[in-house]
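Take a look at the structure below.
The values are calculated or read from the model by the stated rules, or taken from the named source; none is laboratory data. These numbers come from a predicted model, not from an experiment. Methodologically, a virtual Cβ is constructed for each residue, glycine included, from the backbone with ideal geometry; neighbour enumeration extends over all protein chains shown. Each accessible area value is taken on the protein alone, full model and side chains, heavy atoms only, with ligands, DNA and RNA left out. Shrake-Rupley method; radii C 1.70, N 1.55, O 1.52, S 1.80 Å.
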Amino acid sequence: MALVATLHPPAGPYGLLSAWSFDPLVLTAVIAGCWWYRTGVRALWRSAGRGAVVSRWQVAAFAAAVGIVVVALISPLDALSATLLSAHMTQHVLLTLVAAPLLVLSRPLQTMSWGLPSHMRRRLGRWEGRMRRLLAHPGLPGVGLALFSLVFTLWHVPALYDAALVSDGIHALEHSTMLASALALWAPIIHPRRTHAGVGVVLL
């Protein structure tokens, strides 16, 4: 791991503030996500009234989540993560324990569906109904916890950890799978079903 870290010389104290990462994959995902969510919010509020279905504080939660993702993956913290384990772990904490619950609070899928053409929204609505039945399964919270634990553990196996340091593609895969598994963990905690009563406390 020390040998791999030498491939990424640390940013000096004067160059750190300018060491922003403009990875096109991350930038595209952030910009597209913001545009899609904004389109959905505008369409939803135009139909149901401002603040209806998705409240202003949920929109603020989405904006805060995006800000946390920017801090974790685009700010100089990303440059530091190549050489400092503490910075690398801070990225993971921000994504899984801060950004993920904020995203769950904002209900992005429900909101973004309103940014789609009506025929696609109806088709998505049918798919969403099936997903809701699946999400009501009493064993789902355990699956989310197991998935999150497995993903987090696998990415800290030395070989995978080192591979993420030297490959931008693997690094992006690491962060995306961590965030996705964290969403699976937080969903039954923040939006519990009747079949999940009390499970959120255990998961926390």
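Apply 1/(1 + (r/R0)^6) to the Cβ-Cβ distance of ALA60 and PHE22, taking R0 = 22 Å, and write down the FRET efficiency to the nearest 0.05. Write down the numbers at each step before the final one.
On the way: r = 26 Å, r/R0 = 1.17.
With a Förster radius of 22 Å, E is 0.30.
Set the Förster radius R0 to 22 Å, insert the Cβ-Cβ distance between VAL202 and THR153 as r into 1/(1 + (r/R0)^6), and round the FRET efficiency to 0.05. Please report the intermediate quantities before stating the final value.
Details: r = 19 Å, r/R0 = 0.89.
Taking R0 as 22 Å, the efficiency between VAL202 and THR153 is 0.65.
Rounded to the nearest 10 Å², what accessible area does MET120 have for a 1.4 Å probe in the complete protein model?
Accessible area of MET120: about 80 Å².
Taking K and R as +1 and D and E as -1, what net charge do the other residues with C-beta under 13 Å from the C-beta of ASP23 add up to?
On the way: positive: none; negative: ASP78, ASP168, GLU174.
Once all neighbours under 13 Å are counted, the net charge is -3.
Going from most exposed to least, what order do ILE68, ILE170, ILE74, ILE31 have by accessible area with a 1.4 Å probe?
The ranking, largest first, comes out as ILE31, ILE170, ILE68, ILE74.
Could you pull the accessible area for SER86 with a 1.4 Å probe, rounded to 10 Å²?
Only protein atoms counted, so the area is about 80 Å².
Under a crude label model (7 Å from the Cα following the beta-carbon direction), how far is VAL143 from ASP168 in nanometres?
3.5 nm
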